[in-house]
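The values are calculated or read from the model by the stated rules, or taken from the named source; none is laboratory data. Fair warning: this is a prediction, and the values are worked out from it, not measured in the lab. Methodologically, a virtual Cβ is constructed for each residue, glycine included, from the backbone with ideal geometry; neighbour enumeration extends over all protein chains shown. The area values use the complete protein model at the heavy-atom level, side chains included, leaving out ligands, DNA and RNA. Shrake-Rupley method; radii C 1.70, N 1.55, O 1.52, S 1.80 Å.
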Amino acid sequence: MKRRDFITLFGGAAAWPIAARAQQPAMPVIGFLRPGSPEPNAHLVAAFRKGLGETGYIEGRNVVIEYRWAHNFNDQLPELAAELVRLRVAVIATPGSTAAAAAAKSATTTIPIVFSAGGDPVQTGLVASLNRPGGNVTGASSMSGELGAKRLGLLQELVPRAARFAVLVNPNNPLVEAFVTDLRAAGAATGRQTEVLTASTSRDIETAFAMLVEKRADALLVGPDPLFVSSRMHVAMLAARHAVPAIYPFREDAESGGLMSYGPSNTDLVRQAGIYTGRVLKGEKPADMPILRAIKFELVINLKTAKTLGLDVPAALLARADEVIE
């Protein structure tokens with residue numbers, strides 16, 4: 001073999017791995033859209049990654065995740081969703097937020113969207129039906145908004161002499177009207193008054209608690225909303241400061257110092273959204289993927305907080321708790 005031919009052959013062989021790498025398909029990109037901030041939602045990000053991992057996708061190894069956070073300014077969600085569309089992501093995931101899912105749906109009719117949210121996705125217009133969503137949207141629903149009356153009943157059991165209840169909601173949440181209507185009906189059925197307190201930013205929460213004191217509310221029910229998830233420690237601190245018994249929607253609220261929580265396992269729901277996202281990446285169509293329903297609900301009581309408030313938790317309520325924090 002001539003030296004020139006040998007060099008040509010060797011140089012071509014050395015280039016084979018480079019060419020092979022260049023021919024490998026690019027890693028799929030997931031757009032991850034949330035109304036809150038990264039730090040308070042780290043456990044939800046971990047749950048989403050866990051679900052993805054169950055379908056074989058590991059961030060940084062065979063999938064890329066582009067995170068977009070609105071930092072509790074929901075009016076930024078449409079632009080953040082449009083940004084993900086411009087990036088041509090393979091799928092947009094909106095774990096734990098109806099508002100983010102709605103913004104993504106308004107931004108695209110072609111890119112698949114996987115949500116997990118608290119309300120009825122048919123009622124909010126995200127999907128056509130639970131069994132056959134149609135369109136480009138699917139996901140998991142906790143129906144957490146429907147649990148308001150149940151939470152009110154638990155609060156009444158804990159504080160039986162309470163005559164006036166307050167409910168803290170975000171007026172920008174698309175589910176708030178139905179949520180408040182159900183609560184008021186449940187309160188009226190037992191002869192209790194229900195005062196509605198609103199907060200659309202973290203600063204508003206302080207104002208809402210000042211109103212709670214002015215209205216002389218005996219107990220508080222905190223509505224399910226990403227704003228209150230991001231501000232859970234602040235809300236629990238204010239409830240303790242004003243010595244008001246409160247019930248929250250998620251176990252993490254009780255773990256952060258809240259008195260009591262009842263609701264679905266939020267982390268499990270987000271994990272299910274991660275699994276669905278992985279299945280979409282493998283080629284399944286959202287239109288044919290039924291909406292998943294939460295099946296695990298947890299009652300968590302923080303006895304340390306109860307003692308601080310001077311409350312004796314009824315033995316029957318403690319017996320029904322899935323976890324008692326001492």
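Return the residues of the stretch 290-299 that are among the charged types (D, E, K, R), open to solvent by 40 Å² or more (accessible area, probe 1.4 Å) and free of Cβ contacts under 8 Å to residues at least 60 places away in the same chain; say none if nothing qualifies.
Applying the first criterion (among the charged types (D, E, K, R)) to the stretch 290-299 yields 293, 296, 298.
Next, from what is left, pick out any that are open to solvent by 40 Å² or more (accessible area, probe 1.4 Å): 293, 296.
Matches in the stretch 290-299: Lys296 only.
The single condition from (1) without any contact (Cβ under 8 Å) to a residue 12 or more places away in the chain; (2) under 19 Å from Met289 (Cβ atoms); (3) small (Gly, Ala, Ser) that Ser141 fails is (1).
Can you find even one residue in the stretch 196-204 that is hydroxyl-bearing (Ser, Thr, Tyr), in a helix (DSSP H, G or I), at pLDDT below 95 and open to solvent by less than 60 Å² (accessible area, probe 1.4 Å)? Yes, the conditions are met somewhere in the stretch 196-204. Among what's in the stretch 248-260 and is part of a loop (DSSP other than H, G, I, E, B), modelled with pLDDT of 95 or more and at negative phi, pick the residue that is surrounded by the fewest Cβ atoms within 10 Å (Cβ to Cβ). Top of the filtered list is Gly258. Against the test of being of a type in the set (S, T, N, Q) and on the phi > 0 side of the Ramachandran plot, the options Asn170, Asn136, Asn72 yield a single qualifying residue, Asn72. Residues of the stretch 239-296 that are among the aromatic types (Phe, Trp, Tyr) and closer than 21 Å to Pro40 by Cβ: Tyr248, Phe250, Tyr262.
With respect to Gly263, determine if the residue is modelled with pLDDT of 95 or more, not in a helix (DSSP H, G or I) and not β-branched (Val, Ile, Thr). Against the criterion (modelled with pLDDT of 95 or more, not in a helix (DSSP H, G or I) and not β-branched (Val, Ile, Thr)), Gly263 does not qualify.
Take Thr138 and tell me if it is of a type in the set (Ser, Thr, Tyr), touching a strand residue (DSSP E or B) at 6+ places or on another chain (Cβ under 7 Å) and farther than 30 Å from Ala246 by Cβ. Spelling it out, Thr138 is indeed of a type in the set (Ser, Thr, Tyr), touching a strand residue (DSSP E or B) at 6+ places or on another chain (Cβ under 7 Å) and farther than 30 Å from Ala246 by Cβ. Only residues that are out of contact with any strand residue (DSSP E or B) (no Cβ under 8 Å at 6 or more places or on another chain) and either under 30 Å from Ser116 (Cβ atoms) or at pLDDT 95 or above (or both) were counted in the stretch 1-34, giving 2. Residues in the stretch 266-275 include none that are free of Cβ contacts under 8 Å to residues at least 60 places away in the same chain, open to solvent by 10 Å² or more (accessible area, probe 1.4 Å) and in contact with a strand residue (DSSP E or B) (Cβ under 9 Å, 6 or more places away or on another chain). Screening Glu79, Glu83, Glu66 for residues that are surrounded by fewer than 17 Cβ atoms within 10 Å (Cβ to Cβ), outside any helix (DSSP H, G or I) and either among the acidic types (Asp, Glu) or out of contact with any Lys or Arg (no Cβ under 8 Å at 6 or more places or on another chain) (or both) leaves exactly one candidate, Glu66.
For the stretch 276-289, the candidate set comprises residues that are of a type outside the set (Asp, Glu) and not in a helix (DSSP H, G or I); within that set, the residue that is surrounded by the fewest Cβ atoms within 10 Å (Cβ to Cβ) is Gly283.
Residues checked against (1) surrounded by 24 or more Cβ atoms within 10 Å (Cβ to Cβ); (2) modelled with pLDDT under 90:
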residue: Leu87; (1), (2): no, no
residue: Ala93; (1), (2): yes, no
residue: Thr109; (1), (2): no, no
residue: Ser116; (1), (2): yes, no
residue: Gly125; (1), (2): no, no
residue: Ser129; (1), (2): no, no
residue: Gly135; (1), (2): no, no
residue: Gly148; (1), (2): yes, yes
